[in-house]
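Trainee: Would you mind keeping the following structure in view while I ask a few things?
The values are calculated or read from the model by the stated rules, or taken from the named source; none is laboratory data. Note that the coordinates shown come from a computational prediction; the quantities given were computed from them, not determined experimentally. As a convention, Cβ positions derive from the backbone with ideal geometry for all residues, glycine included, and neighbour counts pool all protein chains shown.
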């Protein structure tokens, strides 16, 4: 089977899942923590070299306070869990904001001296416009290096849960040639078969990168 080197994960549907289970919207986020760990373990076992999880965006921070607190807490807990799984963690997002969790600042630089470990990236308080904000000052230099997310490589396959078929600002440069698979399951209802189905679909995609 052809395994993508880098897979992006958009874990959508936490709030819809909560409403479907007679809960408040903010309660859905805690049920998305364990699926993240399970997805990581499966992708690591399959030989994926890099994973990027969409945590929360700057736009998400416009939501009600209880939701902001809940998704921030869920992201911190998920990262703490995966840190124990022998991974190189990198957190990318606007740190110059009170919405960026203080306890995640230690992950904003990756230790590249342990290259044998799988790379796991989290987008936290991320905005596509913030990511590319330095491009206007690049003056003809390597555009990729001007990104705030320059530590994240090009993405081969993006899997989005929740049935939607949009990127929602997910790493616009790294995803420019990504194949995108939409999964009907809401993120808290994650099943390993979701990833298996995405990989089976990926086998029939012809990644020419424009060539």
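Trainee: Which residue is nearest to residue 176 (Cα to Cα), if the candidates are limited to segment 200-211 and must be modelled with pLDDT of 95 or more and in contact with a strand residue (DSSP E or B) (Cβ under 8 Å, 6 or more places away or on another chain)?
Mentor: Among those residues, the one meeting the criterion is 202.
Trainee: Being over 20 Å from residue 90 (Cβ atoms) and either touching a residue at least 24 places away in the same chain (Cβ under 8 Å) or touching a helix residue (DSSP H, G or I) at 6+ places or on another chain (Cβ under 8 Å) (or both) is the filter; apply it to segment 35-59 and report the residue that is surrounded by the most Cβ atoms within 10 Å (Cβ to Cβ).
Mentor: Looking at residues that are over 20 Å from residue 90 (Cβ atoms) and either touching a residue at least 24 places away in the same chain (Cβ under 8 Å) or touching a helix residue (DSSP H, G or I) at 6+ places or on another chain (Cβ under 8 Å) (or both), I get 35.
Trainee: Let me ask another. Please go through segment 93-104 and pick out each residue that is under 17 Å from the mean Cα position of the chain (by Cα) and closer than 13 Å to residue 76 by Cα.
Mentor: 100, 101, 104
Trainee: If we scan segment 165-172, do we find a residue that is touching a strand residue (DSSP E or B) at 6+ places or on another chain (Cβ under 9 Å) and at pLDDT below 95?
Mentor: Yes, that holds for at least one residue.
Trainee: Looking at segment 190-211 only, could you name the residues that are crowded, with 18+ Cβ neighbours inside 10 Å and not in a loop (DSSP other than H, G, I, E, B)?
Mentor: 194, 195, 198, 199, 202
Trainee: Same structure, new question: Return yes when residue 149 is in contact with a helix residue (DSSP H, G or I) (Cβ under 8 Å, 6 or more places away or on another chain) and either surrounded by 15 or more Cβ atoms within 10 Å (Cβ to Cβ) or not in a loop (DSSP other than H, G, I, E, B) (or both) and no when it is not.
Mentor: yes
Trainee: Oh, and also: State which residue is nearest to residue 131 (Cα to Cα) when the search covers only segment 10-29 and only residues that are outside any loop (DSSP other than H, G, I, E, B) and out of contact with any helix residue (DSSP H, G or I) (no Cβ under 6 Å at 6 or more places or on another chain).
Mentor: Looking at residues that are outside any loop (DSSP other than H, G, I, E, B) and out of contact with any helix residue (DSSP H, G or I) (no Cβ under 6 Å at 6 or more places or on another chain), I get 10.
Trainee: Residue 33: under 18 Å from residue 78 (Cα atoms) and assigned to a strand (DSSP E or B), yes or no?
Mentor: no
Trainee: Moving on. Does segment 120-135 contain at least one residue that is touching a residue at least 24 places away in the same chain (Cβ under 8 Å), assigned to a loop (DSSP other than H, G, I, E, B), over 21 Å from residue 4 (Cα atoms) and touching a helix residue (DSSP H, G or I) at 6+ places or on another chain (Cβ under 9 Å)?
Mentor: So far as segment 120-135 goes, yes, one or more of its residues are touching a residue at least 24 places away in the same chain (Cβ under 8 Å), assigned to a loop (DSSP other than H, G, I, E, B), over 21 Å from residue 4 (Cα atoms) and touching a helix residue (DSSP H, G or I) at 6+ places or on another chain (Cβ under 9 Å).
Trainee: Restricting to segment 19-31, count the residues that are surrounded by 23 or more Cβ atoms within 10 Å (Cβ to Cβ) and touching a residue at least 60 places away in the same chain (Cβ under 8 Å).
Mentor: Within segment 19-31, residues that are surrounded by 23 or more Cβ atoms within 10 Å (Cβ to Cβ) and touching a residue at least 60 places away in the same chain (Cβ under 8 Å) number 1.
Trainee: I've got another one for you. Could you check residue 88 against (1) crowded, with 18+ Cβ neighbours inside 10 Å; (2) in a helix (DSSP H, G or I); (3) in contact (Cβ under 8 Å) with a residue 12 or more places away in the chain and say which number it fails?
Mentor: Looking at each condition in turn, residue 88 falls short on (2).
Trainee: Only one residue in 53, 40 is under 24 Å from residue 181 (Cα atoms) and part of a strand (DSSP E or B), so which one is that? Walk me through how you get there before you give the answer.
Mentor: Details: 40 fails: part of a strand (DSSP E or B).
53 is the lone residue from the list that is under 24 Å from residue 181 (Cα atoms) and part of a strand (DSSP E or B).
Trainee: If a residue must be surrounded by fewer than 19 Cβ atoms within 10 Å (Cβ to Cβ) and under 13 Å from the mean Cα position of the chain (by Cα), how many such residues does segment 74-85 contain?
Mentor: Qualifying residue count, segment 74-85: 0.
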